[in-house]
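What follows is a single structure, written as structure tokens, with notes after it.
The values are calculated or read from the model by the stated rules, or taken from the named source; none is laboratory data. In this text the structure is predicted, and so the values were computed from the model without any measurement. Don't worry about glycine lacking a Cβ; one is built from the backbone with ideal geometry, like all the others, and counts go over all protein chains shown. Accessible surface areas use protein heavy atoms only, side chains included; no ligands, DNA or RNA. Shrake-Rupley method; radii C 1.70, N 1.55, O 1.52, S 1.80 Å.
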Amino acid sequence: MATGTEVVSDNGHGCCKKGPGYATPLEAMSGPGESLIYVTCVYSGTGIEKPDYLATVDVDSNSPTYSKVIHRLPMPNVGDELHHTGWNSCSSCHGDPSAARRYLVLPSLISGRIYAIDTLKDPRAPSLHKVVEPADIVNKTGLAYPHTSHCLASGDVMVSCLGDKDGNAEGNGFLLLDSEFNVKGRWEKPGHSPTFGYDFWYQPRHNIMISSSWGAPAAFTKGFNLQHVADGLYGRHLNVYSWPNGELKQILDLGDTGLLPLEIRFLHDPSKDSGFVGCALTSNMVRFFKTPDGSWSHEVAISVKPLKVQNWILPEMPGLVTDFLISLDDRFLYFVNWLHGDVRQYSIEDPEKPVLKGQVWVGGLIQKGSSVVAEGEDGKTWQYDVPEIQTASLWNSFHTKNSCQICICGIANSYSISYGSF
């Protein structure tokens, strides 16, 4: 997940010749489209002992290499598990003409490394600029398992870290790197670390930052075990911080309807004081918002019903909401049901009452060719067709032995990062 905008030809200064990005989300929406995207490809869980790599994909429809991978940059180590990438500078630095979106920041969840990738020297073939080693991070902050990166208006980079070096969630918090990618310390004040860490999003006009809760690294690195949820090793809370002071002001308990709150997004309009968080295990999209008394509250805005299935580990299959994004004009919300395999579009022009507007099936476990079938209310079983893209079935792409997990980051209107697997 990340925010910001830029185009390659402007050297990271967008269309306005000021700082990177755009002054407003709507300006970004009217800017030029992507010409390149960067995709982090991860070999974790494939049995292939190769370094993760950053792929450059040509998405210029007028280019002879349109839709093709035109470059691969392997990391210097094996077993990193690259995660949510971000930029060194973004639209938060729009007012600073000395700032430029040049470096892509790649946190590595398992190894604890953070890579800075130079995309300015050759945008089509980015190069490794610097490696922040885990020993340096642990020695100076006690943090490990870096996950989500965001650029700050100060020029610093902030990274959520999900535990200490031993995988204990109690050691989680927020890492600050300076503009040269040197470790500065923790962002949050002493004693104000969250119970669990994952994603975060800040809204400066409301002096607020809200983070979400995944689980203890000692648990999720061994594979998901439902018993660990009952054992308290996974989260169900949102953490409300003062921005930029780093004081934990409020903890929202989402209860049993908000288990494993992962990706979190404020609305793009900086005057708005609400947003959404996707709760994976309960397959709910929860809306959070500011109340008249200045505190924060929450409600379930969208609930994905489980499907009755056959030939699976359980008689019912949850959707398992993973990543989502909000359109720059705040009209639509899109999210993925990882297990069901559909991408949904909701109108959120009334954020309190989202309306389903579109749905496309692109993967998941109940597509034709799978042993798993869904059962309707009438008792009839069904599966769905998977579309073909340029003669390649998404089913084959999702299940190839060389599959990688991916994070996508564009360099023109890179206001979002989507996460999935193929």
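Worth pointing out:
- Top of Pro20, Pro261, Pro354 by mean-square fluctuation, Gaussian network on the chain, Cα under 10 Å: Pro354
- Modelled FRET efficiency - R0 51 Å, Asn245 with Lys380, Cβ distances, 0.05 increments: 0.35
- Across the stretch 228-297, counting alpha-carbon atoms alone, Rg and Dmax equal 12.8, 39 Å.
- Using a Gaussian network model of the chain in which every pair of alpha carbons under 10 angstrom is joined by a spring, one finds that among Ile389, Ile70, Ile348 the greatest mean-square fluctuation is at Ile389.
- The stretch 271-282 - phi-based ³J(HN,Hα) in whole Hz, Karplus 6.51/-1.76/1.60, Gly and Pro as x: 7, 7, 10, 8, x, 9, 9, x, 9, 5, 5, 9
- Rough spin-label spacing in nm, given labels placed 7 Å along Cα→Cβ, for Lys121 and Glu316: 5.5 nm
- Percent carbon-and-sulfur accessible area, the chain, ignoring ligands, DNA and RNA, probe 1.4 Å: 51 percent
- Between Phe224 and Lys308, the contour length at 0.36 nm per residue exceeds the Cα-Cα span by 28.1 nm.
- 17 Å cut-off, amide nitrogen to a point 7 angstrom out along Asp96 Cα→Cβ, residues in the stretch 22-56: 22-23
- Highest-fluctuation residue, His147, His228, His298 considered, GNM on the chain with Cα pairs under 10 Å: His228
- In the stretch 196-249, the trypsin sites (Lys or Arg not before Pro) that fall in loop regions by DSSP, at most 12 other Cβ within 10 Å: Lys222
- Within-11-Å neighbourhood charge of Thr56 [Cβ basis; K, R +1; D, E -1]: +1
- Protein-only accessible surface order, largest first, of Glu349, Glu247, Glu316, Glu377 at 1.4 Å: Glu377, Glu349, Glu316, Glu247
- Which of Leu226, Val69, Ile110, positive extreme of dipole for the chain (C-beta unit charges): Val69
- Accessible area per residue for the chain, computed on protein heavy atoms with a 1.4 Å probe, is 42 Å².
- Legend: Rg and Dmax of the stretch 37-196, from Cα coordinates, 16.3, 55 Å.
- R0 of 25 Å, Cβ-Cβ distance Asp178-Asn139: FRET efficiency to nearest 0.05: 0.95
- The stretch 280-344 and the stretch 193-263: distance between their alpha carbon centers, rounded to Å: 16 Å
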